[in-house]
1. Give me the percent relative contact order of the range 6-54, please, defined on Cα pairs under 8 angstrom at least 6 residues apart.
2. Any idea what log10 I(q)/I(0) is at q = 0.21, 0.22, 0.28 Å⁻¹ for the chain, Debye with uniform C-alpha scatterers and no solvent?
3. Size of the dipole of the range 1-48 about the Cα centre, Lys and Arg at +1 and Asp and Glu at -1 on the beta carbon, nothing else charged, in debye to 20?
4. At what distance in nm do the modelled label points of residue 8 and residue 35 sit from each other, each positioned 7 Å from its Cα along Cα→Cβ?
5. When the Karplus curve 6.51 cos²θ - 1.76 cosθ + 1.60 is applied with θ = phi - 60°, which whole-Hz ³J(HN,Hα) does each residue of the range 21-32 get, with x for Gly and Pro?
6. Need one number: nm distance between label points at residue 53 and residue 15, each 7 Å from Cα along Cα→Cβ, rounded to one decimal.
7. Which is the longest run of the chain containing none of the GluC sites (Glu not before Pro) found in DSSP loop states (not H, G, I, E, B) with at most 14 other C-beta atoms within 10 Å?
8. Could you order peptides 32-41, 46-55 by the average number of other Cβ atoms within 10 Å of their residues, highest first?
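Just so it is clear, none of the values below were taken in a lab; they were calculated from the coordinates. All values reported here derive from a predicted model rather than from experimental measurement. Glycine gets a Cβ as well: all are built from the backbone with ideal geometry, and neighbour counts include every protein chain shown.
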Amino acid sequence: MEKEYIYTVVREDFHTGECAKRTKKYYSFTPRLAVGGLYTHLGPGYPGCQRVLSVEERPAI
């Protein structure tokens with residue numbers, strides 16, 4: 001059975017470290033992001049740098 005990984009991410013300014021107020025969900029079928037990591041180029045809809053706040057695993061439907 002496949003698992004779906006749901007990451008909660010927030011946009012962060014690379015130079016100042018200031019975080020945005022709203023979070024977004026990023027969905028993936030591979031566990032490729034680490035909690036606390038700062039990532040760029042996650043894809044369309046996720047501009048700039050994104051900080052991973054948490055991850056949730058659930059079975060794919």
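1. Relative contact order for the range 6-54 comes out at 46 percent.
2. -0.78, -0.84, -1.23
3. Its charge dipole is roughly 140 debye.
4. 1.0 nm
5. 8, 9, 9, 10, 9, 10, 9, 8, 9, 10, x, 10
6. 2.5 nm
7. After excluding every exposed loop site, the longest remaining stretch is 19-61.
8. Going by the mean number of other Cβ atoms within 10 Å, highest first, we get 46-55, 32-41.
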